[in-house]
Each structure stands twice: as C-alpha cells, then as structure tokens.
Amino acid sequence: MEPPQDTSENPNDVLSDDDSSPENTNPDDQEIPSTTLDPPISDTQDESSDPVPDEQPENTNSNPAEPGPPARKRRRRKRFFTELIANPSFSKNRRPRISGLAREMDTEALIAISVGFPVDSLTEEEIEANVVSRIGGQEQANYIVVRNHILARWRSNVSVWLTLEHALESIRAEHKNLVNAAYNFLLEHGYINFGLAPAVKEAKLKSFDGVERANVVIVGAGLSGLVAARQLVSMGFKVVILEGRTRPGGRVKTRKMKGDGVVAAADLGGSVLTGINGNPLGVLARQMGLPLHKVRDICPLYLPDGKAVDADVDSRIEVSFNKLLDRVCKLRHSMIEEVKSVDVPLGTALEAFRSVYKVAEDSQESMLLNWHLANLEYANASLMANLSMAYWDQDDPYEMGGDHCFIPGGNERFVRALAEDLPIFYGRTVQSIRYGIDGVRVYAGGQEFCGDMALCTVPLGVLKKGSIEFVPELPQRKKDAIQRLGFGLLNKVAMLFPYNFWGGEIDTFGHLTEDPSMRGEFFLFYSYSSVSGGPLLVALVAGDAAIKFELMSPVESVKRVLNILRGIFHPKGIVVPDPVQAVCTRWGKDRFTYGSYSHVAIGSSGDDYDILAESVGDGRVFFAGEATNKQYPATMHGAFLSGMREAANMLRVARRRSLILSDKVNNELEKCDTLNKLFENPDLTFGSFSALFDPHSNDVGSHAFIRVKFHGDKLNSSHLCLYGLITKKQAIQLSEMNGDGNRMNSLHRDFGVKLVGGKGLSNVAELLISRIKAAKPT
C-alpha cells in the first residue's frame, strides 16, 4: 500500500510501508568413594569447570519403557488460578485490523509486550529517560509505535547490529526525534543489540558513543554480573569482576558426567528456560545456533507401590487443588481490602479450605494433593508454611509466555560465552565493600580494588548471612527488605545411566509418597536424554525434604532414588541399572549462595525486590541478581535482565556526575575569568602581587583584595594564582618591601593571612569582589 501522505495524528502514519520488519549453584563438597554401590556418587564439585560437549546430543533409547499412565500436563509454574494471555488490556486496546500496516503494528506490539513493555503507556525507565516531552497524548502514542517497531526489527534478526540509520529507514522523517529517543533507550537498556552474535560482540568492544567512563568493580560472576559487565564495557566503562569460586556462572552450573562409554552434561543449578517468548536467553540461543528443546507437558504420576495414578482421581484432585488456590485468592483480596498488612502462611490458608470443603480425604487423594503442594514448593523454593498468602504469586502478571525449554549441552554454554574476554579474578571472596563520596573500595582475598562504583550481585542468601561487610552499613530500609524476603532451597540428584530405560516419549514423571513431611523428596524426575548427550535423569528434592536431604549421605540418597525407580519400572519388566555416575547438590551448604532462589515470605511483598534493587551511597553501590527483579524473580532471565537494568542505571548516574562536574568546572572557569579581568587594572602592583581596593571607602583600614601569581616549570598551567584579604594599609606596607620572599613572610608571620584558590574565598571576599566588579566600567 502507499504510505499515508497527510500528517494526521493516526499512529499508523509513523511507519513507512516498505519496511522488511520483522534455577541455582553448587557447593564446595568432596567426592566420596562408592561403598555398596559401584558407580561413583558425589556431592557437587565446584572446583570442576569441565567443558561440556559441543556436539549435538544423541538420544539413547535402549530398552524403552512401556506406555505409562494417561498423559497429564504439568510443569514448574506458579500460575494456577491466574491465567493471563500476554497482557489482558491489549485485546481491549487493539485497533481494527484494517490493513497490512495495522497487522504489522499488532505483531510488533505483541513482541514489545513479550519483553515487558506495557500496551499503551511508558515504563518508569522511559519516563525517567525523558523519551517524550509530555506524558500522554499523541507524541507518546507515536513514540510507542516507533519503539515497538525498532524492537521488533532487531528481534527479527538478532545476529546483526541494528544501527540508528537502519532504524530510521522505515519510519517517516518527521519522527526522527522519536526514533533517536527510542533507539537510544532500547540500546542503553539492553533491549536491542545485546548478546553473543559475532557482529554484536565486535560492535560492543568499544564505547557505543565514544565516551570513556568510570571504573566499576563487579562482585560476582553469575549471569547478572557477566551481563552487566559486557554492557558496561560497551558503554565505555572499565570493569573488573571479583568471583569467589574458581569458575563463572554462580547458580548456573553444568557438570560433565561420564563413565562406561556414556557422557552427559547435567545442569545442577538453573536448568529450564521458563517461558521462551521475549526471553533474552532465547535470543542468546538463536545467536549461538543452539536448538531449543521444548519440555513436553506430559507428566505421568506413580503411587508409592509403582502403580500409575488413576486418571479420574488425578484429574479430580488437580481441579480441586486449583479451586483451593482460587478460593485463597478471593480470600486474600477481601482481607487486603478490609485490613491492610494482614498476612498468613499460604499453607495454613490452603489447609483450612481443604478441611472445610473436605478435599482429598482418602489416602490416594491426599498423596496427590501433597504432590501438587510439593510442586508449588519447588516453584518457590520454599515450604508452604513460609510463603506469603497475600503476595506469593505477585510476579504472575509478568510471567514470560511460550514453551519451557532445555538448552542442549547445558546452560553453562551461555556462561562460558558471556565470560569470554572479561577481566574476571577467580578465588576472590569479597569481605568488605566501603563506599563514600570519593568512590568505592572492595576488599577480597587480602587485596583492595578501587573504583568509582560497585555492582553487588551476590545471592540473597549471602546478604542474609551478612558475609559481606558494608561500610557505611546498608540503610535500614534495605536491611529490613533483605530479612523479609525469603530465600529457599531446591536440591537435585543427577544420575547418568548406561542406557535410557525410562523411554523417550516424556521429559518428566512424578512420584507420590505417603509421608506428607517428605512429599518433596524425589517427587519429580526430569529426563535430559534429548539434550544432555547421554541417558541422564535428574530427581528433584523440594520443601522440607530438601533441607533433610543435605543431612543424608549421597550414597543413601541415590539408594532411595533407585528404590523408587525400580518400584516404578520393575513391575513392567524393565530393569533399572545402577548409574555409572551420580551427583547430589548441596545448595544450602554452599557458602556462596546459602540456598537456591528467592520467594515472597510471610510479611514480605514484591516491593521488597525493588528495595533490594535500590542503589546506596548516592549512586556508589548498585545491586543486581534474581532477588532484585520484582517481575522475574527466581529465574535465570530475571538475573540476566537485572544486570542490564543496573548497567543502564550506572550509565545514568555517570552522566549525571559528568554534568555536575562539567557545571562545576564551567563555574570555576567563569569565576577565574572574572578575577583575571578585575586584575587587568589593579589599584596597586608590586612584584608578583596585585591589589584591588574597596571602591566605597578611602579609609586605610578598609579591605583590600590581593592576588599572588606563581610561575614554575612544574605547574600544569603557565601560572598559579592565589588570593587573600588584607587591609589597604597592609597592602601599601607590602609594596614598600623588597622582594616577594619578604612579602610572603610578612603576609603569613605579621598579618596572619593564608592564601587560597578562587573557590576557597570567604563570604567577605566574595562581597568585596561584587562591589569592585560593580564599580568597574563595563
């Protein structure tokens, strides 16, 4: 179609029509020798940083399992009773699809929504960046169309560096200012031109605006620290990263497992990309050419005796469980409206409704309900007794849509690529961060690292433990938020088998237990055969069982897992072999994490995530990590996005300081220029001295303003001027002396005068200068 020729206020007119648009860390434990079991079984090894296989994994499907019980769709999720498709307000505000251009705008708006932008308003960051001259109105509407278009254009081909010139090509010329504003905002906040594509990496080796900026010390080489470092380098900052471990990645750890001719890459920490739509890790996967494996929703459940759960009972309990959550949701809305700041444990509220409505009263139903509760404890890394009924799911409206996916070869592939060429100092455990008006000093491993700013990315568990001393202490508001927010535990048992005995038709299956206190013990199994390179099975341990798990020996833990697996598969005639290698995580004992990921505990709310994200020391110390991201906590992409956010915040502060410094320098230059002009015609000159008298008085006791000009080869400029305030009589006495040396001695010894620079003048001196300046002819 032809582009509109008029200048109407329709947002469709902004675009031209010829556009081709478009979960956690492991501890320092020791491997233990196998005792009654032949395969090596260990706690997780953090000293190891084995490379993971880069070749495409092969499916090992020897002796596949027989068809299991009827398929049920389940996944790790928190959205049980709030089902949102993108943003509900979008459907209300969409324009009629009357043209190809309008359809394109709809698509671009959906892409913007998927990365967290609101439908028809600006984000707080955009408002702070002054992307438009006035909030609301047609300019803002046009800006949103332009922003969405630029974002969608880069997302259509993330392997290239989108330049401002390319962004301008498909947008009408009269909107150039909006293009500049939108492009700069998206670039500086990491929405475009980020990641690991060769073209992007090459462009980010230098400052995007040619300006060299401050020095930044980053504490922690997890996802947030690595992402922030790469972004800061591209902004002209000089960075150094201090990491206590001997590897990067933090709570993202991929362990290479091998034995008896099989090999696999096991994600012992963050593993699943929870929602691929808009996910920056999905962008990295595209750039690196990594195929995404969708986690299939089919998840059969098995009873303690190994029999499949009855399909009708399974469906009925799942529906009842969701209804219980729905009733809790309605209850909390009424409680919050009537009584502010009231909170109770989510587990207590669910149990009360379960009892009232007589849900899951027989044995099998009770076990099923406990399985769903264990799944909820997994999603939050917390016991039900610790979760806030009021705000446990406060992040649901922001949840990224799309499939949940695995990355072939493990998520450490992201980590290694992000850490490449960055100045990371390993084995530097930070003990203290000191900050003030002159910058920051970070102490680690007996060394001092100085910078203009610091970025602290350590997990919430480390902040709770008080492992790092902050001087001055953190504000009470931040300390309170650290204590209120929850930081829980999830553990895993990764087992590499000689072959895949469970079959290739499913990615997950579950197991029920009779003991409610141990409902989270090996309640869910993930099959990684399709992505790890070998027959790998991972058992999850959540809730109270995750805490008790760390007190159990790895050998005993693996025995218990094998008993469960054999109870499920032996009745089907399927032999479950011993694993060739097994690894047990111990995230709670890891001194670099003290847990797995954050949740909203009783008495806390989503606001505490924002408080934790606030900088301290007037923009000296910043904070990033999943526990600082209100929208996407407890996720790898939440950590990634927090690193981008803080890089943008540090750029904003650096620019503000640069402006203040520039104004200060300009003021001082202006003042120096004023004084030089006044002394062009002094009332008295002798040697290096000049004097100006008070024009309003002839009294010899009146004030005189003197300047002493020093010359020397070692001065940065040709001369240095110092000033002082004496009387007219004293100025005359100095002029009658021989030599500047005698005059200086008399000035200090006899008159007690101390010379100062132009910015150190007293109020009396400033008043005298004003009078002299006013009396001088213009």
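The values are calculated or read from the model by the stated rules, or taken from the named source; none is laboratory data. Only a predicted model underlies this, so the values are computations on that prediction, with no experimental measurement involved. Methodologically, a virtual Cβ is constructed for each residue, glycine included, from the backbone with ideal geometry; neighbour enumeration extends over all protein chains shown. Ligands, DNA and RNA are excluded from the accessible area calculation, which covers all protein heavy atoms including side chains. Shrake-Rupley method; radii C 1.70, N 1.55, O 1.52, S 1.80 Å.
Looking at (1) at pLDDT below 90; (2) surrounded by 14 or more Cβ atoms within 10 Å (Cβ to Cβ); (3) closer than 19 Å to Asn681 by Cα, which one does Lys776 not meet, given that it meets all the others?
That leaves (2) as the condition not met.
Name, by its number, the condition in (1) more than 30 Å from the chain's Cα centre (by Cα); (2) part of a strand (DSSP E or B); (3) hydroxyl-bearing (Ser, Thr, Tyr) that does not hold for Ser557.
(2) is the only condition that Ser557 fails.
Give me the residue from region 560-591 that is part of a loop (DSSP other than H, G, I, E, B) and open to solvent by 30 Å² or more (accessible area, probe 1.4 Å) and, out of that set, farthest from Thr513 (Cα to Cα).
Residues of region 560-591 that are part of a loop (DSSP other than H, G, I, E, B), as a first pass: 573-580, 585-586, 590-591.
Then keep just the ones that are open to solvent by 30 Å² or more (accessible area, probe 1.4 Å); that gives 573, 575, 578, 591.
Values: Gly573: 22, Val575: 22, Asp578: 22, Arg591: 31 Å.
Restricting to residues being part of a loop (DSSP other than H, G, I, E, B) and open to solvent by 30 Å² or more (accessible area, probe 1.4 Å), the top hit is Arg591.
So which residues in region 606-628 are open to solvent by 20 Å² or more (accessible area, probe 1.4 Å) and in a loop (DSSP other than H, G, I, E, B)?
Within region 606-628, Glu614, Ser615, Gly617, Asp618, Arg620 meet the criteria.
Yes/no matrix, rows are residues, columns are (1) at positive phi; (2) in a strand (DSSP E or B); (3) open to solvent by 50 Å² or more (accessible area, probe 1.4 Å):
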position	(1), (2), (3)
Leu455	no, yes, no
Glu473	no, no, yes
Lys479	no, no, yes
Thr513	no, no, no
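Out of Met453, Met400, Met389, I need the residue that is aliphatic (A, V, I, L, M) and more than 25 Å from Gly486 (Cα to Cα). Which one? Walk me through how you get there before you give the answer.
On the way: Met400 fails: more than 25 Å from Gly486 (Cα to Cα); Met389 fails: more than 25 Å from Gly486 (Cα to Cα).
Residue meeting the stated conditions: Met453.
Take residues that are open to solvent by 10 Å² or more (accessible area, probe 1.4 Å) and among the small types (Gly, Ala, Ser) and tell me which of the strands (runs of 3 or more DSSP E) falling wholly in region 158-273 contain 1 or more.
Details: elements: 215-219, 238-243, 254-259, 262-267.
The strands (runs of 3 or more DSSP E) meeting that bar are 254-259.
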